Amino acid sequence: MEMETRKIILEDGTEYLGKGFGSAKDKKLELVFNTSVVGYQEIITDPSYTDQAVVMTYPIIGNYGINEDDMETGKPSIGALIAREYADKPSNFRTSKTLSEFMEENDIAGVYGVDTRELTRRIRGNGSCKVLITNENVTSEEGKKILADWDYEKDQVKRVSTDKAWASDPENVDENTLHVVAIDCGIKLNIVRMLNEVGCRVTVLPWDTDFETVKKYEPDGVFFSNGPGNPEDAVPTIELMRNLHGVYPIFGICLGHQIMALSYGAKTYKLKFGHRGGNHPVKNLLTDKIEITSQNHSYAVDEKSLEGTGLEITHINLLDRTVEGMQCVSDRAFSIQYHPESCPGPQDSRYLFEKFVNVMKGGALNA
């Protein structure tokens, strides 16, 4: 298929020319990169990428198309995908459409034919930044002005969260089946699948659900999901978790990890270029084991701010020593910064879902 020329303009005026696929609409986004070798479908359907343009460091994208089984949400909210090479004739027995067709249907812009290695090095050196994806007639100066007049949105969690409760049950349900209330800040569907796989009924509730509503569902535990944006913007979710301390076992992943820190009085900060990929080494301080993890986040927990909060560090990132896991034993609450449900990524950390089940059954948090 014939592709039109598209232009990528960074906030400092740097330009990259490439060919377009997917949506042809102009986009103002945050530029980040992901080092995963496979899993572009899971990436573009992960709500945590809301309003972001993701540079894929693996050079060939689109070669296995899109299938109906590997979606992480029903309403993709990523802004754009940038690739070195785009394959528009996929080869896979599960393929139902091309990546470009799916992206056009869901208003996701695509650009290929750019030097993604150079672009990634720029992000690593200068940090994530604003980016404009537009047509070749827009000049560098025009692009700089457009980006200078635009700022990152603060309502991403509200936009991607469910607006009504929904449920997902395991195959066998009886009176002993544990019930988890999952607070949806942009939840990946594989998290729900994993909770079902370890035998839990799951009720998914909106991000701004209040304490009294959660109580009405009589859960055995409460889960706080991943999601996009600055965790400090999710004020109702932080307040809900604060009210839940010590009432039910709590498990948080990614944004849920950051919200846990904020609910206990700790602080978060934005990383220079974030962690996105499927090969991040993390040390479990409780077992001394190293886990290879899947990650996708822009913010991290300030380690020094944890003093006096009742939270202790359980996992650290071996690349930059950032906080990757925390717990409060007395409140039966724990959280992880990375993605134990993978999709895409390694499966080293799926034991954490079993740990949540054990805690809900009255087991020790450190077990």
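The values are calculated or read from the model by the stated rules, or taken from the named source; none is laboratory data. Being a predicted model, the structure only gives us computed values, none of them experimental. FYI the Cβ positions are ideal-geometry reconstructions off the backbone, even for glycines, and counts take in every protein chain you see. The accessibility values were calculated without ligands, DNA or RNA, using every heavy atom of the protein model including side chains. Shrake-Rupley method; radii C 1.70, N 1.55, O 1.52, S 1.80 Å.
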Relative contact order as a percentage, the range 66-203, C-alpha pairs under 8 Å and 6+ apart, gives 23
Got a sec? Charge dipole of the chain, +1 on Cβ for Lys and Arg, -1 for Asp and Glu; which of Met260, Leu17, Leu29 is way out at the positive end?
-> Leu17
From the Cα gyration tensor of the range 259-367, with a ≥ b ≥ c the square roots of its eigenvalues, which class applies: rounded if a/c is under 1.5, or else prolate if a/b is larger than b/c, or else oblate?
-> oblate
Pop the C-beta distance of Asp163 and Val329 into the FRET formula with R0 = 35 Å and round what comes out to the nearest 0.05.
-> 0.50
What is the range 312-367's relative contact order, in percent, from Cα pairs under 8 angstrom and six or more apart in sequence?
-> 22
Would you mind counting up the charge near His275? Only other residues with Cβ under 13 Å from its Cβ, with Lys and Arg at +1 and Asp and Glu at -1.
-> +3
Where Asp331, Asp69 fall by accessible area, highest first, once all protein chains stay in place (1.4 Å) = Asp69, Asp331
Taking the Cβ of Ile43 as the center, what net charge do the other residues with Cβ under 10 Å away carry, scoring Lys and Arg +1 and Asp and Glu -1?
-> -2
Calculated FRET efficiency for the pair Leu17/Lys89, C-beta based, R₀ 25 Å, to 0.05 | 0.60
Zone residues, the range 203-220, relative to Val247, backbone N less than 11 Å from point 7 Å out along Cα-to-Cβ = 210-219
For the chain, what class follows from the C-alpha gyration tensor (a ≥ b ≥ c being the square roots of its eigenvalues): rounded when a/c is under 1.5, otherwise prolate if a/b is larger than b/c, else oblate?
-> prolate
Any chance you could tell me what percent of the C-alpha pair distances in the range 1-71 go past 14 Å?
-> 69
Using all Cα-Cα distances in the range 18-167, what percent lands in each 5 angstrom bin from 0 up to the longest?
-> 2, 9, 18, 22, 21, 13, 9, 4, 1, 0
Return the long-range amide H neighbours of Ala87 (sequence gap of 5 or more, or a different chain), with a cut-off of under 5 Å between placed amide H atoms.
-> Ile61, Gly62, Asn63
Which of rounded, prolate, oblate describes the range 136-226, given a ≥ b ≥ c as roots of the alpha-carbon gyration tensor eigenvalues and a/c under 1.5 marking rounded, otherwise prolate only if a/b is larger than b/c?
-> prolate
Mean ellipticity per residue at 222 nm, deg cm²/dmol - from DSSP H runs of n ≥ 4 across the chain, formula -39500 (n - 2.57) = -6000 deg cm²/dmol
In the neighbourhood of Asp169 defined by beta carbon distances under 13 Å, the net charge of the other residues (Lys, Arg +1; Asp, Glu -1) is -1
So what is the relative contact order for the range 136-282, in percent, with contacts set as C-alpha pairs under 8 Å and at least six apart?
-> 22
